[in-house]
1. Looking only at Lys161, Lys46, Lys79, which one moves most when the chain is put into a Gaussian network model with springs between Cα atoms under 10 Å?
2. Any chance you could run the full-extension gain for Glu83 through Lys134? It's 0.36 nm times the residue separation minus the Cα-Cα distance, nm to one decimal.
3. Under a crude label model (7 Å from the Cα following the beta-carbon direction), how far is Arg121 from Ala149 in nanometres?
4. In what order do Ser70, Ser174, Ser90 fall by count of nearby beta-carbon atoms within 10 Å, going from fewest to most?
5. To the nearest 20 debye, what charge dipole does segment 32-162 have about its Cα centre, counting +1 at the Cβ of each Lys and Arg and -1 at the Cβ of each Asp and Glu?
6. List the residues of segment 70-84 whose backbone N lies under 14 Å from a point placed 7 Å from the Cα of Arg54 along the Cα-to-Cβ direction.
Amino acid sequence: MHACPLTIRRLCRCRLARYAGKRGWEITVQIKEVGSGAVERELREKLMAAARRREIDVVLVWRLDRWGRSLADLVVTLKDLSELGVGFVSLTEALDLTTPTGRAMAGLLSVFAEFEREILRERIRAGIAEARLKGTHLGRPVTAGKKAAQIRKLHRAGVSKAEIARRIDIGRTSVRRILADL
């Protein structure tokens, strides 16, 4: 039988509430953030602010991917919560950072996050080295430099630097830089 998303959400909230009740926890703040992939997660930030004010003792989530968008993000926020003395429990993954075993698992997550960052750094360095070998230009594209002759011609004709920038559609600083090289 296929359940609709609304039923699943209600089921998750009920299980979270039952789990909190079994542990003797009182639910003080409950958030439901919608919009996957959001860069700014306002509700999570409000929850972190409540943790900083010592208004909560434990963060209980249905799944880890609902808390952190990446392994690095997850590790950083779990570390922040730990430093604030706030526990963290993910019900689906059975990750409970209020226990010694859970804290050990968080340490392993941290190791894997660092490993992920190192692999990414190596890939970036290899890509840059490959691009240099092929003679590919790295960095911002050269735009104003291509118009240097036109800029100098207009300047010799007595056109002001601001007007040159407007006519050619480049920044005044670029015009000044090119004319300073004369």
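Where a number appears in this text, it was derived from the coordinates with a stated rule and is not lab data. Just so it is clear, the structure is predicted and the values come from calculations on it, not from any experiment. Neighbour counts are summed over all protein chains in view; Cβ atoms, including those assigned to glycine, are modelled from backbone coordinates with ideal geometry.
1. Lys161
2. 13.7 nm
3. Reported label-point gap for Arg121 and Ala149 is 4.5 nm.
4. Ser70, Ser174, Ser90
5. The calculation lands at about 1540 debye.
6. Under cut-off, by backbone N: 84.
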